[in-house]
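Comments concern the structure below.
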Amino acid sequence: MDNTKNLSSLRKDYQASQLVDIDLPSDPLVLFDRWFQEVSEKGGVAEVNAMTLSTSDADGAPHSRVVLLKHIDNGGFVFFTNYNSAKGKSISQNPHVCLSFFWPNLERQVIISGKAEAIGDHKSDTYFQERPRGSQIGAHVSEQSKPIQSREVLDKRLVELEAHFKDKPIPRPQHWGGYRVNPNSIEFWQGRPNRLHDRIVYSLTNGGSWHTQRLSP
């Protein structure tokens, strides 16, 4: 059986916007916030804060998955997860990661390279208490990334913990918390006609300021 599929006819000409040098702020987080708001106001993206997190394990093999941006804190991008998960183990082995946002409604990407670090118990506790109660219990139920025999294992554990925590506050599991990705480069990609896209990259200098450069598409 021939399983090949030709996708070469799937084409889109990008014409939604442009990124010109005169509009560039000195701080990339200012531009990120502007883009985030514009994408949100445009609509059509179910989760504007969804981003692809790429890590590499001890053998250098890459792994990517979608996580949700929850805060921008002290110049870094914060998400939450199980520290014992596959992504948590990869970060402990190699904290250098990449984040990627894709916003098709305005034909934009943002690619962030940086170093991930745990944000600490206090901030993790604060965010955990803001989560819906079901999500709080779910953090206790799941031993994320570990094999399980069936879906019924999760469902049974959920019922047990709902009974255990009935009418009680739910504490944050010690294996669950936040990471902040402190960026050393942020690339802004704006789709343009004829595949001649705008690409502007901000690179962090040794002195702590940002250097901007336009890249060829």
Legend entry - Equivalent ellipsoid semi-axes - Cα gyration tensor, segment 105-149, angstrom: 27, 18, 15
Inset, instruction - Compute the Cα gyration tensor for segment 1-80, then decide on rounded, prolate or oblate, letting a ≥ b ≥ c be the square roots of its eigenvalues: rounded whenever a/c is under 1.5, prolate when a/b is larger than b/c in the other cases, and oblate in all that remain. - result: oblate
Legend entry - Per-bin percent of Cα-Cα distances, segment 23-153 [10 Å]: 10, 36, 36, 16, 2, 0
Legend entry - With at most 13 other Cβ atoms within 10 Å, longest stretch of the chain clear of loop trypsin sites (Lys or Arg not before Pro) (DSSP): 13-165
Inset, instruction - Determine, for the chain, the count of lysine pairs separated by eight or more sequence positions (or lying on different chains) whose alpha-carbon distance falls under 21 Å. - result: 16
Legend entry - Degrees between helix 121-130 axis and first principal axis of the chain (Cα, 0 to 90, nearest 10): 90
Inset, instruction - When a/c is below 1.5 the answer is rounded, else prolate if a/b is larger than b/c, else oblate, so apply that to segment 4-44 with a ≥ b ≥ c taken from the square roots of the Cα gyration tensor eigenvalues. - result: prolate
Inset, instruction - First check a/c for segment 113-199, with a ≥ b ≥ c the square roots of the eigenvalues of its C-alpha gyration tensor; if it is under 1.5, answer rounded, and if not, answer prolate when a/b is larger than b/c or oblate otherwise. - result: prolate
Legend entry - Karplus 3J(HN,Hα) series, Hz, for segment 167-181 with 6.51 cos²θ - 1.76 cosθ + 1.60 (x for Gly, Pro): 6, 10, x, 9, x, 6, x, 5, 8, 10, x, x, 10, 10, 9
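Read-outs throughout are calculated quantities, based only on the coordinates presented, and are distinct from any laboratory measurement. Bear in mind the structure is a predicted one, so any value in this text is a computation, not a measurement. Neighbour counts run over all protein chains shown; Cβ positions are idealised from the backbone, glycine included.
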